[in-house]
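One structure below.
The values are calculated or read from the model by the stated rules, or taken from the named source; none is laboratory data. Keep in mind that what you see is a predicted model, and the values were worked out from it rather than measured. For neighbour counting, all protein chains shown are included, and Cβ atoms are generated from backbone atoms with ideal geometry for every residue, glycine included.
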Amino acid sequence: MTKFKFEYIWLDGYKPEANLRSKTKVLDMEYFDGDVESLPEWSFDGSSTQQAEGHFSDCLLKPVNVYPDAGRKHAYLVVCEVLSPDGTPHPSNTRALIEDESDNYWFGFEQEYVFTVEGLPLGFPTSGFPAPQGPYYCAVGSENVAGREIVEEHMDLCLEAGLGITGINAEVMLGQWEYQCFGKGAKKASDDLILSRYLLHRVSEKYGVHVELHPKPVKGDWNGSGMHTNFSNEMMRSSGGKEYFEAVCEAFRPVHDEHIKVYGSSNDQRLTGLHETQSITKFSYGVSDRGASIRIPVSTAQTWKGYLEDRRPASNADPYLVTARIIKTVESAMVPA
């Protein structure tokens, strides 16, 4: 028998954004073949996570996805849904809002974040500011990047866990980074993104830095942080057509406010119409337009097959809410005859 470590990971009930929580379950097993259904449900104290009252505090963790954990011996990372004691989805369980169980929809998240120490972005002087933005995006050299060793370690852990990481880069502000995370199916893509965030926070503990997901971590003439969400369905990828893509984009217009409501808090500080954003009060789309709400990539516009990029989600957005809302809107689009 081997003692296997399973890290049960879930989202708590805090508002406006949930926090990641986790605890380790040790199980004696002959072997583990990766079957998530073989893992037991596990209770936790919901009164300590804003998910229950103290007089009736038990909530349940239901394993829904499992990944190898390269950072520990005989260990796995387990993404969980939170259930009420009666076994129904807890009100905080946003994953349960995704109704599409297929891999018809593909999602690629561009997760931006900032490393901070004592409230300052990594690389910033203790007083004043570094040189203005310009040399930091995709930069190399110690004068223009900060935290690369953390980024590299995080990427390796994600890849060894089997997450759909497709790239990393330094971003426009010093101390700001981005990684791209791709997945087929809204639940799987969102699970991967949640787990990648968990690993990022865990790695940052080792280096004594904080992972800041606020969409506008530094006020003034500095870029904010987003979670641009690239999406497509089978029709967009295979048959496509300009009329269909325009119909999809137009379907977002009347429900712009509904999207903004689930695209992360404090997003008004980021979506100002400056720094490669559209104003939070406006909706627009355009080919290769990083100042639009929805960007149509040049590669898509060349053949009118491919994907679209929703540039509105904030870096702190819940991917389950984002993907569920995008699917609902795309499904409402008028399909050309």
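For the stretch 23-59, the set of residues classified as part of a strand (DSSP E or B), in contact with a helix residue (DSSP H, G or I) (Cβ under 7 Å, 6 or more places away or on another chain) and surrounded by 12 or more Cβ atoms within 10 Å (Cβ to Cβ) consists of 58, 59, listed by residue number. Scanning the stretch 238-287 for residues that are under 21 Å from the mean Cα position of the chain (by Cα), of a type in the set (D, E, K, R) and farther than 24 Å from residue 14 by Cα yields a single hit, 276. Within the stretch 241-248, one or more residues are in a loop (DSSP other than H, G, I, E, B), touching a residue at least 24 places away in the same chain (Cβ under 8 Å) and more than 17 Å from residue 318 (Cα to Cα). Evaluating residue 86 against the criteria (1) among the charged types (D, E, K, R); (2) part of a strand (DSSP E or B); (3) out of contact with any Phe, Trp or Tyr (no Cβ under 8 Å at 6 or more places or on another chain) leaves one unmet condition, (2). Scanning the stretch 92-116 for residues that are farther than 26 Å from residue 49 by Cβ, of a type outside the set (A, V, I, L, M, F, W, C) and in a strand (DSSP E or B) yields a total of 3.
Taking the listed residues 85, 89, the one that is in contact (Cβ under 8 Å) with a residue 24 or more places away in the chain and in the same structural domain as residue 22 (by TED's automatic domain parsing) is 85, with no other qualifying. Taken together, the residues in the stretch 8-33 that are acidic (Asp, Glu) and under 25 Å from the mean Cα position of the chain (by Cα) amount to 2. Only one entry of 266, 284, 288, 299 meets the criterion of being touching a Ser or Thr at 6+ places or on another chain (Cβ under 7 Å), in the same structural domain as residue 189 (by TED's automatic domain parsing) and not charged (D, E, K, R), and that entry is 284.
Among the residues of the stretch 81-112, those identified as aromatic (Phe, Trp, Tyr) and out of contact with any Leu (no Cβ under 8 Å at 6 or more places or on another chain) are 105, 106, 107.
Where helices (runs of 4 or more DSSP H) sit wholly within the stretch 250-337, none has at least 2 residues that are among the aromatic types (Phe, Trp, Tyr), buried (at least 22 other Cβ atoms within 10 Å of the Cβ) and at pLDDT below 95. When the stretch 117-144 is filtered for residues that are within 30 Å of residue 231 (Cβ to Cβ) and either in a loop (DSSP other than H, G, I, E, B) or touching a His at 6+ places or on another chain (Cβ under 9 Å) (or both), the ones remaining, listed by number, are 133, 136, 137, 138, 139.
Scanning for something surrounded by 22 or more Cβ atoms within 10 Å (Cβ to Cβ) and under 30 Å from residue 128 (Cβ atoms), does the stretch 230-249 turn up at least one residue? Looking through the stretch 230-249, none of the residues is surrounded by 22 or more Cβ atoms within 10 Å (Cβ to Cβ) and under 30 Å from residue 128 (Cβ atoms).
Among all residues of the stretch 153-161, there is none that is assigned by TED's automatic domain parsing to the domain that holds residue 214, closer than 13 Å to residue 176 by Cβ and not acidic (Asp, Glu). Checking each residue in the stretch 281-310 for being hydrophobic (A, V, I, L, M, F, W, C), farther than 20 Å from residue 324 by Cα and touching a helix residue (DSSP H, G or I) at 6+ places or on another chain (Cβ under 6 Å) picks out 287, 304. Sort out which residues of the stretch 173-211 are among the basic types (Lys, Arg) and in contact (Cβ under 8 Å) with a residue 60 or more places away in the chain, and write them in order of number. Of everything in the stretch 173-211, those that are among the basic types (Lys, Arg) and in contact (Cβ under 8 Å) with a residue 60 or more places away in the chain turn out to be 184, 187, 188, 197, 202.
Counting only strands (runs of 3 or more DSSP E) that sit wholly inside the stretch 147-227, those with at least 2 residues that are under 22 Å from residue 323 (Cα atoms) and either out of contact with any Ser or Thr (no Cβ under 8 Å at 6 or more places or on another chain) or of a type in the set (A, V, I, L, M, F, W, C) (or both) are 165-170, 176-184. Residues that are in a loop (DSSP other than H, G, I, E, B) and either of a type in the set (Ser, Thr, Tyr) or in contact with a helix residue (DSSP H, G or I) (Cβ under 9 Å, 6 or more places away or on another chain) (or both) within the stretch 1-22 comprise 12, 13, 14, 18, listed in sequence order.
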